[in-house]
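The values are calculated or read from the model by the stated rules, or taken from the named source; none is laboratory data. Predicted model, so just to flag it, every value in this text is computed and none were measured. Please note: Cβ atoms are built from the backbone with ideal geometry, for glycine as well, and neighbour counts cover all protein chains shown.
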Amino acid sequence: MDRLRIDHLHKTYPNGVQALKGVSLSMPNGMFGLLGPNGAGKSSLMRTLATLQPPDQGKLYFDGLEVFKDPVLLRRQLGYLPQDFGVYPKFSAMELLHHLAILKGITNKAERKEQVMALLEQTNLYSVRKQSVHTFSGGMRQRFGIAQALLGNPQLLIVDEPTAGLDPMERNRFYELLSGIGENIVVILSTHIVEDVHDLCADMAVMSGGQIVLRGKPGTLMQELEGRIWRKTVHREAVAEYRRSMNVIATRMIGGRQQVHVLSDASPGAGFELCHPDLEDVYFNALTGNRYTGKEAVC
Ligand code: ADP
């Protein structure tokens, strides 16, 4: 059953930028990946879902309740890790979590202590709990960000671009943490990194230019492109010509050489070989505006 329903959200900033152009999405419990390039409108959507900015138009429902009629109802059930998560330099991880727990309304001291300790354990920060958060590495900071977002056992967890800037090892630790959060709450992971969605999410959407341009399960979306993605290793200088004459959806550097991926029902030319589509093909195809999957995107 869908717990979160986003219904035709529009948002235009005072400078005239139309960041959300009628965004609609529904999702049940589990990890949902919102994938899109910088400027697509992901953070604008996340801030709106976190009730930090009202939309100009549109509605939001959580468990059937209309959120903007009484935002406090959702805020009590919400955990949010914003893109620019700042920390107060003077406090230790444990002190800061206690402080944030009080702000979240966890006033019972014993309950607060139990939650803070459990979250420090869960995010693997227990051994550094007395260290000041500003001394933490990027990965530790993001895990701390998850700890604060999980205070109060939220039913909706919003995580905005959490892995940007993390090295591969920190990213893996962060994935392990997120994947352990459980299937009993709604988790929205906003990212421009295809791998994040591939590794973590059973359900996803692609956002571009303030709109949802594709929606589905990663496996199904890849399957829909099966038999239509052709690849060829080419000279760098030739890429522009391939782009002009064929439906090139992506180019990649592999071992210092350029590979083009072309979407086509039949072989686009000599030297092309059919390959199994991956999530990058799905993503880049959605961004090029192709509605070639045989089905219209169901948003
Ligand atoms: P994403 O998170 O996908 O990178 P954003 O929601 O941050 O996308 O941005 C979408 C568009 O809205 C961009 O053009 C951005 O410059 C603009 N934008 C974002 N926040 C503001 C703001 N507070 N005021 C004006 N324009 C904004």
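Restricting the search to region 219-234, which residues are of a type in the set (Gly, Ala, Ser) and part of a loop (DSSP other than H, G, I, E, B)?
Matches in region 219-234: Gly227 only.
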Inset, instruction - May I ask you to list the residues in region 231-260 that are surrounded by 13 or more Cβ atoms within 10 Å (Cβ to Cβ), under 25 Å from Asp199 (Cα atoms) and not polar (S, T, N, Q)? - result: Arg231, Ile249, Ala250, Arg252, Val260
Inset, instruction - Hey, could you check region 182-230 for residues that are at pLDDT 95 or above and of a type in the set (Gly, Ala, Ser) and say which is surrounded by the most Cβ atoms within 10 Å (Cβ to Cβ)? - result: Ser190
Legend entry - Criterion: within 16 Å of the ligand (Cβ to nearest atom), surrounded by fewer than 21 Cβ atoms within 10 Å (Cβ to Cβ) and either basic (Lys, Arg) or at pLDDT below 95 (or both) - qualifying residue of Gln77, Gln18, Gln83: Gln83
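Do you know which residues across region 276-299 are modelled with pLDDT of 90 or more and either buried (at least 17 other Cβ atoms within 10 Å of the Cβ) or under 23 Å from Pro37 (Cα atoms) (or both)?
Matches in region 276-299: Pro277, Asp278, Leu279, Glu280, Asp281, Val282, Tyr283, Phe284, Asn285, Ala286, Leu287.
Is it fair to say Leu25 is in a strand (DSSP E or B), assigned by TED's automatic domain parsing to the domain that holds Cys201 and within 16 Å of the ligand (Cβ to nearest atom)? Give the derivation first.
Working: in a strand (DSSP E or B): yes; assigned by TED's automatic domain parsing to the domain that holds Cys201: yes; within 16 Å of the ligand (Cβ to nearest atom): yes.
So Leu25 fits the description; yes.
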Inset, instruction - Would you be able to say whether some residue in region 47-61 is among the charged types (D, E, K, R), loosely packed, with under 15 Cβ neighbours inside 10 Å, modelled with pLDDT of 95 or more and touching a strand residue (DSSP E or B) at 6+ places or on another chain (Cβ under 6 Å)? - result: yes
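Among Asp7, Asp2, which is the only one that is more than 12 Å from the ligand (Cβ to nearest atom), of a type outside the set (A, V, I, L, M) and at pLDDT below 95?
When all the criteria are applied, what remains is Asp2.
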Inset, instruction - For Asp56, state whether it is away from the ligand (no atom under 15 Å from the Cβ) and either free of Cβ contacts under 8 Å to residues at least 40 places away in the same chain or out of contact with any helix residue (DSSP H, G or I) (no Cβ under 9 Å at 6 or more places or on another chain) (or both). - result: no
Legend entry - Filter result (under 23 Å from Leu120 (Cβ atoms) and either surrounded by fewer than 22 Cβ atoms within 10 Å (Cβ to Cβ) or within 16 Å of the ligand (Cβ to nearest atom) (or both)) within region 166-177: Leu166, Asp167, Met169, Glu170, Arg171, Asn172, Arg173, Tyr175, Glu176, Leu177
